[in-house]
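Accompanying notes for the structure given below.
Rule-based calculations on the coordinates, nothing more; no lab input. The shown structure was predicted, so the numbers you read here are calculated from the model rather than taken from an experiment. Cβ atoms come from the backbone with ideal geometry, glycine included; neighbour counts cover every protein chain shown.
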Amino acid sequence: DLWRESGRYDDYGKEMLRIKDRQDRDMLYGPTNEEVVTEIVRAYVKSYKDLPLNLYHIQWKFRDEVRPRFGVMRSREFLMKDAYSFDLDFEGARAAYNRMFVSYLRTFTRMGLQAIPMRADTGPIGGDLSHEFIILADTGESQVYCHRDYLSLDVPGEKTDFANAAEIGDIVKTWTTPYAATDEMHDEAAWEKIGESDKVSARGIEVGHIFHFGDKYS
């Protein structure tokens with residue numbers, strides 16, 4: 001019922017694994033959990049004073065992938081860490097988006113990975129803005145495009161003040177000004193304005209994805 005309420009039961013597509021129980025009722029394996037988490041907030045948050053709120057969620061996901069490949073890179077069953085922020089207004093939501101953006105930069109760096117944030121299609125999850133964090137690798141399934149500057153940008157350090165929205169916003173601006181896009185969002189005209197020596201076109205592996213939903217689910 002929650003998926004029908006959000007409109008995604010019919011819109012999500014063939015990746016959604018659907019079954020019927022013995023009473024012939026429609027059931028599904030959750031490919032993602034925006035609806036469930038939003039229902040929790042709807043049931044328990046009764047005042048604006050309870051916001052902002054950030055709920056972390058670690059759950060097995062199931063998707064009927066067309067081409068499962070390379071073990072954990074693209075599988076039909078996988079364990080995912082999600083975080084869902086609920087904010088009072090647009091500005092608060094964008095500030096939360098920016099904090100997650102910078103958090104991912106720092107997290108992947110501590111793991112020894114060079115992850116490049118790229119403008120990405122929001123797909124069936126929805127929203128008006130999203131970035132995928134991509135690691136360049138020959139085994140990647142996605143074609144990606146970015147400016148060579150990304151290979152040498154300084155990652156925010158330990159003293160980053162996440163409570164300072166202006167500081168975090170400046171970091172995000174630095175990391176989104178050079179061109180970087182997944183194949184679905186690639187702009188050939190903008191790409192051609194970049195000098196040949198500064199172009200990086202490669203395969204990439206998605207290791208993180210953030211979305212700005214606005215009020216799509218709430």
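Some values worked out for this structure:
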read-out: Sorted by Cβ density within 10 Å, fewest first, the residues I19, I134, I125; value: I19, I125, I134
read-out: Order of D183, D215 - criterion: other Cβ atoms within 10 Å of each residue's Cβ, fewest first; value: D215, D183
read-out: Tail fraction, Cα-Cα pairs, region 60-188, threshold 24 Å, whole percent; value: 34 percent
read-out: Tensor-based shape of region 1-86 (alpha-carbon gyration tensor, a/c under 1.5 rounded, otherwise prolate or oblate); value: oblate
read-out: Kyte-Doolittle mean at least -1.0, axial Cα span of 27 Å or more - DSSP H helices of the chain; value: 90-110
read-out: Long-range lysine pairs (8 or more apart or interchain), the chain, Cα under 19 Å; value: 4
read-out: Relative contact order, percent, the chain [alpha-carbon distance under 8 Å, six or more residues apart]; value: 21 percent
read-out: Neighbourhood net charge (13 Å Cβ-Cβ; Lys/Arg +1, Asp/Glu -1) for D82; value: 0
read-out: Sites D138 and V36 - FRET efficiency at Förster radius 22 Å, r taken between beta-carbons, to 0.05; value: 0.05
